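Read-outs throughout are calculated quantities, based only on the coordinates presented, and are distinct from any laboratory measurement. As the structure is a prediction and not an experimental result, all values here were calculated from the model. Don't worry about glycine lacking a Cβ; one is built from the backbone with ideal geometry, like all the others, and counts go over all protein chains shown.
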Amino acid sequence: MLTRREWMQVTAGAGLSLGLTPRLLEALAQGQLIKRAIPSTGEMLPVIGLGSSATFSQVARSEDVAALKAVFQAMLDKGATVFDTAPSYGASEQTAGNIVNEMGAAGKFFWATKLNVAGRGGAGADPAAAKAQVERSFAIFKQPKVDLIQVHNMGDPPAQLAILKDYKKEGRVRYIGITTTFDGQYGELEQVMRNEPLDFIGIDYAVDNRNVEERILPLAQERKIGVLAYAPFGRTGLFRRVGDRPVPDFAKEFDATTWAQVFLKWIIGHPAITAVTPATSQAKNMLDNIAGGVGRLPTAAHRKQLAEFIDGLPAVERRRG
Ligand SMILES: NC(=O)c1ccc[n+]([C@@H]2O[C@H](COP(=O)([O-])OP(=O)(O)OC[C@H]3O[C@@H](n4cnc5c(N)ncnc54)[C@H](OP(=O)(O)O)[C@@H]3O)[C@@H](O)[C@H]2O)c1
């Protein structure tokens with residue numbers, strides 16, 4: 001675990017290297033993260049959270065998880081709470097559960113996990129196996145309630161959502177939902193959004209990946225379903241696409257000083273988005289991401305300008321999953 005002194009050095013250094021104005025540094029220090037209401041209840045959630053596949057999961061399965069402890073500490077310090085995980089992310093869920101329980105802070109996070117015993121778009125989910133998977137998540141989190149469980153990747157929605165609805169009725173799960181990051185599943189996702197009592201969906205959304213804008217995001221607004229935005233950096237593809245170009249000058253107008261802040265603010269700039277959960281294994285990047293939820297947001301004109309700017313850059317390979 002980092003000492004307090006080491007921790008202060010990480011946060012002070014990160015704040016300076018982010019090039020934030022004194023006003024934003026102050027807002028960041030005070031944890032003034034923007035919040036959005038969960039449409040089904042009005043409960044407020046901070047807009048920036050943490051995902052746990054990618055690099056997080058690589059570190060989670062290693063012997064030294066100190067870097068991830070520092071990431072959770074950064075969240076606690078700055079008021080970020082939403083943590084997105086899944087039983088299929090290797091050691092992520094277990095390691096994260098160990099860390100937040102060791103910190104005595106499990107109750108302070110909005111714990112969003114998933115259920116999938118059917119595979120991607122699969123059918124025939126075995127109810128006993130599904131319940132065993134949910135119970136395992138409860139055992140890891142060690143709290144009487146899990147905040148959110150979503151059916152992962154459209155795996156047998158009728159069977160798996162039925163199980164989640166029962167858990168919600170029993171009061172053990174506060175919110176339920178369904179996820180996909182595959183364009184080919186958006187049609188089925190729409191049907192489920194129209195026919196099931198969902199609190200959330202989880203979808204992929206980024207400035208170079210805007211397909212959900214056409215039908216999914218407007219439907220979420222119409223049906224009052226919260227949206228968790230996944231893969232906000234295109235799993236590093238966006239960073240590779242902008243390369244070493246400086247952030248555009250107009251980003252100043254919405255208080256963004258790094259590319260991560262620009263990309264995250266672009267996403268939160270859409271009113272249908274409840275929270276965005278970039279994955280990271282580094283406290284300095286967690287702080288950078290949190291700064292993407294502080295200060296002014298881009299207008300519709302800024303968002304269009306940025307999308308055009310990114311579209312004008314040579315495309316890079318986008319990793320799916
Ligand atoms: N179907 C589903 O349910 C589904 C599908 C996809 C994703 N998700 C969720 O969404 C989360 C996010 O998506 P993702 O992990 O695929 O990709 P992502 O968040 O777009 O990208 C993660 C990558 O960005 C880097 N990064 C993070 N913050 C950074 C910063 N400030 N500056 C520079 N690099 C930074 C990370 O490396 P460092 O560790 O070095 O920071 C990591 O390599 C997932 O982890 C998962 O929780 C869910």
So how do 138-149, 194-205 stack up, highest first, on mean other-Cβ count within 10 Å? 194-205, 138-149
Starting from the alpha-carbon convex hull of segment 174-240, give the projected area averaged over all orientations, in nm². 4.6 nm²
Residue-count net charge about Tyr89 - beta-carbon cut-off 11 Å; Lys, Arg +1, Asp, Glu -1: 0
Report the one residue of Met193, Phe233, Thr113 whose Cα lies farthest in the direction of the positive end of the charge dipole of the chain (charges on C-beta: Lys and Arg +1, Asp and Glu -1; origin at the Cα centre). Thr113
Potential extension, Arg136-Met44 segment - 0.36 nm per residue separation minus Cα distance: 30.4 nm
Multiplying the sequence separation of Ala162 and Glu214 by 0.36 nm and subtracting their Cα-Cα distance, what value in nm do you get? 15.9 nm
Segment 117-256: spread of alpha-carbon positions along the three principal axes, whole Å, largest first, is 54, 34, 26
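What is the order of Arg172, Arg241, fewest Cβ neighbours within 10 Å to most? Numbers along the way, then the final one.
Details: Arg172 16, Arg241 19.
So the residues, fewest neighbours to most, are Arg172, Arg241.
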Hydrodynamic radius by Kirkwood, which averages 1/r over all alpha carbon pairs of segment 20-153, in angstrom: 16.0 Å
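Tell me, what is the FRET efficiency for Arg318 and Ala129 to the nearest 0.05, using R0 = 56 angstrom and their Cβ-Cβ distance as r?
Given R0 = 56 Å and the Cβ-Cβ separation, E is 0.95.
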Euclidean distance between Cα centres, segment 224-251 to segment 164-220, Å: 21 Å
Could you compute the net charge surrounding Arg223? Neighbours are other residues with a C-beta less than 15 Å from the C-beta of Arg223; K and R count +1, D and E count -1. -1
Calculate, axis by axis, the spread of Cα positions in the chain along the three principal axes, and write the results as whole Å, longest axis first. 53, 46, 36
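Using Cβ counts within 10 Å as a stand-in for footprinting exposure, how do Met193, Met44, Met103, Met286 rank, fewest first?
Lowest count first: Met44, Met103, Met193, Met286.
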Helix-only CD estimate at 222 nm, as mean residue ellipticity for the chain, using -39500 (n - 2.57) per DSSP H run (n ≥ 4): -12500 deg cm²/dmol
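Roughly how big is segment 20-311's charge dipole about its Cα centre, with Cβ charges of +1 (Lys, Arg) and -1 (Asp, Glu), in debye to the nearest 20? Mind showing how you got there, number by number?
Working: 33 positive and 31 negative charges, 89 e Å.
With only Lys, Arg, Asp and Glu charged at Cβ, the dipole is about 420 debye.
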Measure up Lys78/Lys265; Lys69/Lys131; Lys142/Lys165; Lys108/Lys304 against 25 Å on the Cα-Cα distance and list the ones that go over. Lys69/Lys131; Lys108/Lys304
Return Lys114, Lys169, Lys78 ranked ascending by Cβ neighbour count within 10 Å, so the fewest neighbours appear first. Lys169, Lys78, Lys114
With a sphere of radius 15 Å drawn around the Cβ of Lys142, what net charge do the other residues whose Cβ falls strictly inside it have (Lys, Arg +1; Asp, Glu -1)? 0
